[in-house]
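A.B. asks: Once you've had a glance at the structure underneath, I'll fire off some questions.
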Amino acid sequence: PVNEVTANEAEVVGEPTPGAEGVLGSAWEFTDDGTIDTVENVVVSEPLPINGEEATVAAWINATELTEPYSRVYQVDEEGNPGLGESTNGYNIEFFDTNPTLHGQLWDGSDIGRDQNGEVSVGTGEWYFVVTVAEGDEITYYAYSQNGEVGSSPASASGTRGRSDAASLMMMCGDGRETPGRMDEDPHQFSGGGKK
């Protein structure tokens, strides 16, 4: 994947499969070896301005199964290291335990800075557009199916978040916890009449 602004390529760790069927066109497919101390495959962006006072991160995801507790949808991390126990400053969206329920976390150094956390119920084997808005010490996350916003969306997590000028975006991984499935970047594919 290429940053359309800087023309720099993201770092591909392991061997995710490009060209899988996406929500429209092609997507990346990620696999998982089922252990949280290794990283099977992931895409890590160059440092981006997504961990300051305000930022928005979004992607289409289709988790095929949840094999690890607290596997990530994506993680914004100052250090950009997808390995276990390496989280620093930033935030992430994860599945709660091995349930298809989205939760948010804030990171302050290597400590979880979350005080409160809401949840958004999604499923597996279907496409969802997950949008996260970071504003100060709160992140709000939304989930949309191809027909519109899901009933439990939005939710939020608040606490303390260490900010940085730039941070990497780790997709389908973070803190060593991987999510098998596919990820697509096209935000325009809503077929229903729900909110966009």
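The values are calculated or read from the model by the stated rules, or taken from the named source; none is laboratory data. What you are looking at is a predicted structure, and each value in this text was computed from that prediction instead of being measured. Neighbour counts are summed over all protein chains in view; Cβ atoms, including those assigned to glycine, are modelled from backbone coordinates with ideal geometry. Protein only, heavy atoms only, side chains kept; ligands, DNA and RNA dropped before computing areas. Shrake-Rupley method; radii C 1.70, N 1.55, O 1.52, S 1.80 Å.
A.B. asks: Check Ser153 against each of (1) modelled with pLDDT under 95; (2) part of a loop (DSSP other than H, G, I, E, B) and name the one condition it does not meet.
C.D. replies: For Ser153, the exception is condition (1).
A.B. asks: Next up: If you check every pair at least six apart or on different chains, which have Cβ atoms under 7 Å apart with a residue in the stretch 115-140 that is within 21 Å of Glu21 (Cα to Cα) first and a residue that is part of a loop (DSSP other than H, G, I, E, B) and open to solvent by less than 60 Å² (accessible area, probe 1.4 Å) second?
C.D. replies: These pairs meet every condition: Val122/Pro100; Val122/Val150; Gly123/Pro100; Thr124/Leu66; Thr124/Pro100; Trp127/Val23; Tyr128/Val122; Phe129/Pro187.
A.B. asks: Output the residues belonging to the stretch 51-61 that are farther than 14 Å from Tyr141 by Cβ and crowded, with 22+ Cβ neighbours inside 10 Å.
C.D. replies: Asn51, the sole residue that qualifies.
A.B. asks: While we're looking at this one, here's another question. Consider only pairs whose beta carbons are under 8 Å apart and that are at least six residues apart or on different chains; among these, list those whose first residue lies in the stretch 143-163 and is at positive phi and whose second residue is open to solvent by less than 20 Å² (accessible area, probe 1.4 Å) and at pLDDT below 95.
C.D. replies: These pairs meet every condition: Gly159/Leu106; Gly159/Gly113.
A.B. asks: Oh, and also: For the stretch 7-16, give me each residue that is open to solvent by 70 Å² or more (accessible area, probe 1.4 Å) and either of a type in the set (Asp, Glu) or closer than 23 Å to Tyr128 by Cα (or both).
C.D. replies: Correct list: Glu9, Glu11, Glu15.
A.B. asks: What number of residues in the stretch 34-45 are touching a residue at least 60 places away in the same chain (Cβ under 8 Å) and either open to solvent by 70 Å² or more (accessible area, probe 1.4 Å) or of a type in the set (Ser, Thr, Tyr) (or both)?
C.D. replies: 4
A.B. asks: Name the residues in the stretch 135-183 that are open to solvent by less than 40 Å² (accessible area, probe 1.4 Å), over 18 Å from Ala58 (Cα atoms) and among the polar types (S, T, N, Q), would you?
C.D. replies: Hits for the stretch 135-183 are Ser158, Ser164.
A.B. asks: A follow-up question, please. Which of the residues spanning the stretch 84-111 are surrounded by fewer than 16 Cβ atoms within 10 Å (Cβ to Cβ), at negative phi and modelled with pLDDT under 90?
C.D. replies: Across the stretch 84-111, the qualifying residues are Leu84, Glu86, Ser110, Asp111.
A.B. asks: Give me the residue from the stretch 70-82 that is under 15 Å from the mean Cα position of the chain (by Cα) and open to solvent by 10 Å² or more (accessible area, probe 1.4 Å) and, out of that set, nearest to Ile50 (Cα to Cα).
C.D. replies: Looking at the filtered set, the residue picked out is Glu78.
A.B. asks: Determine, yes or no, whether Gly85 is under 21 Å from Glu40 (Cβ atoms), of a type outside the set (A, V, I, L, M, F, W, C) and more than 16 Å from the chain's Cα centre (by Cα).
C.D. replies: So Gly85 passes the test.
A.B. asks: Would it be correct to say that Glu4 is open to solvent by 30 Å² or more (accessible area, probe 1.4 Å) and either in contact with a strand residue (DSSP E or B) (Cβ under 8 Å, 6 or more places away or on another chain) or charged (D, E, K, R) (or both)?
C.D. replies: yes
A.B. asks: Still on this structure: What residue, of Val133, Val57, is modelled with pLDDT of 95 or more and either farther than 18 Å from Ile36 by Cβ or among the charged types (D, E, K, R) (or both)?
C.D. replies: On inspection, the qualifying residue turns out to be Val133.
A.B. asks: Would you check which residues across the stretch 9-30 are within 14 Å of Asn41 (Cα to Cα) and in contact (Cβ under 8 Å) with a residue 12 or more places away in the chain and list them?
C.D. replies: If the condition is that a residue be within 14 Å of Asn41 (Cα to Cα) and in contact (Cβ under 8 Å) with a residue 12 or more places away in the chain, then Ala10, Glu11, Val12, Val13, Gly14, Glu15, Pro16, Thr17, Trp28, Glu29, Phe30 are the ones that fit.
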